[in-house]
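In what follows, a single structure is set out as structure tokens and then discussed.
The values are calculated or read from the model by the stated rules, or taken from the named source; none is laboratory data. Bear in mind the structure is a predicted one, so any value in this text is a computation, not a measurement. Glycine also receives a Cβ, built like all others from the backbone with ideal geometry; neighbour counts cover every protein chain displayed. The protein model used for the area step is the full one, side chains on, heavy atoms only, and it has no ligands, DNA or RNA in it. Shrake-Rupley method; radii C 1.70, N 1.55, O 1.52, S 1.80 Å.
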Amino acid sequence: MHDASADTQHDLPAALRGDLERAGYYPDLVFDVLDVGVGGEQVVSHLVHAETTFDADEVRRHVTAMVLTPTRLVVAHADDHAPDEPEAQSGALGAGPAVGAAGEATSFATAATEAVPIAQVRSVVVNHVVPTPETYRRGQGSRDLTLTIGWGAVGRIELEPAGCGDPDCEADHGYTGTTTADDVSLRVSADADGEQAVTGMLAFARALSAATAGRADAGQRAARR
């Protein structure tokens, strides 16, 4: 019988493995999923972001791991699911319910990757929050970062009633709005996540911005900072 595990290269950087371990969310699963998505390419930079949310009396976990290669942005998502969720009733992949050894419905995790060619990345938005900006000094860094990356798979449209310059006009001018690419958006705070999380996100954003500008060498230098 062919051993599928032998096809996995497991040559991802030790730093990426360490960040997955620190995130504490099924690191072996996320590592293997990323390994398939990266496909043996060199890893220029990476970012691992784990978040915990509270839904009524349940604790929900989610991890996003992004890997930048010389040609692609590989994004992995992993979630856990309770036995009574719809996915558990029909099976994560439509192959029947998720059941344990005793035949009872059991919790499970889903993980998926998306590989986006660098040329298709449309926007890299980095929102900085700096307290007491009057005392800010060059190189001091931000305390709060939000990284939003768009490549056209997911868009958000915000509409509002259109108007004109006449304050007495009662005509219907229809609607106006904006379309925003928002495929993935991650936020870290130095106070909540630590200084290292902010520094890591900034380094990844710098490397990705350099890559989208066609400056692969610059991206690799940024990732090593």
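Report yes if some residue within region 23-40 is open to solvent by 70 Å² or more (accessible area, probe 1.4 Å), under 17 Å from ASP193 (Cα atoms) and either at pLDDT below 90 or out of contact with any Ser or Thr (no Cβ under 7 Å at 6 or more places or on another chain) (or both); otherwise report no.
no
Counting only residues that are outside any loop (DSSP other than H, G, I, E, B) and at pLDDT 70 or above, how many does region 71-100 have?
Qualifying residue count, region 71-100: 10.
Please verify whether region 149-156 includes one or more residues that are in contact with a His (Cβ under 9 Å, 6 or more places away or on another chain), modelled with pLDDT of 90 or more and within 21 Å of ILE118 (Cβ to Cβ).
For region 149-156, residues in contact with a His (Cβ under 9 Å, 6 or more places away or on another chain), modelled with pLDDT of 90 or more and within 21 Å of ILE118 (Cβ to Cβ): absent.
Quick one: what pairs do we get from region 115-135, first residue more than 30 Å from GLY39 (Cβ to Cβ), second of a type in the set (Ser, Thr, Tyr) and not in a helix (DSSP H, G or I), C-beta under 6 Å, 6+ apart or different chains?
If the second residue must be of a type in the set (Ser, Thr, Tyr) and not in a helix (DSSP H, G or I), the pairs left are ASN127/THR146; HIS128/SER142; VAL130/TYR136; VAL130/SER142.
Among the residues of region 180-191, is there at least one that is of a type outside the set (D, E, K, R), within 21 Å of THR212 (Cβ to Cβ) and at pLDDT below 70?
yes
Is it the case that some residue within region 157-179 is at pLDDT below 75, under 19 Å from the mean Cα position of the chain (by Cα) and surrounded by 11 or more Cβ atoms within 10 Å (Cβ to Cβ)?
No; the residues of region 157-179 include none that is at pLDDT below 75, under 19 Å from the mean Cα position of the chain (by Cα) and surrounded by 11 or more Cβ atoms within 10 Å (Cβ to Cβ).
Considering region 115-150 alone, what residues qualify as being in a loop (DSSP other than H, G, I, E, B), hydrophobic (A, V, I, L, M, F, W, C) and open to solvent by 40 Å² or more (accessible area, probe 1.4 Å)?
VAL130
Which one is modelled with the lowest pLDDT, of the residues in region 41-70 that are open to solvent by less than 10 Å² (accessible area, probe 1.4 Å) and not hydroxyl-bearing (Ser, Thr, Tyr)?
Filtering first and then ranking leaves VAL63.
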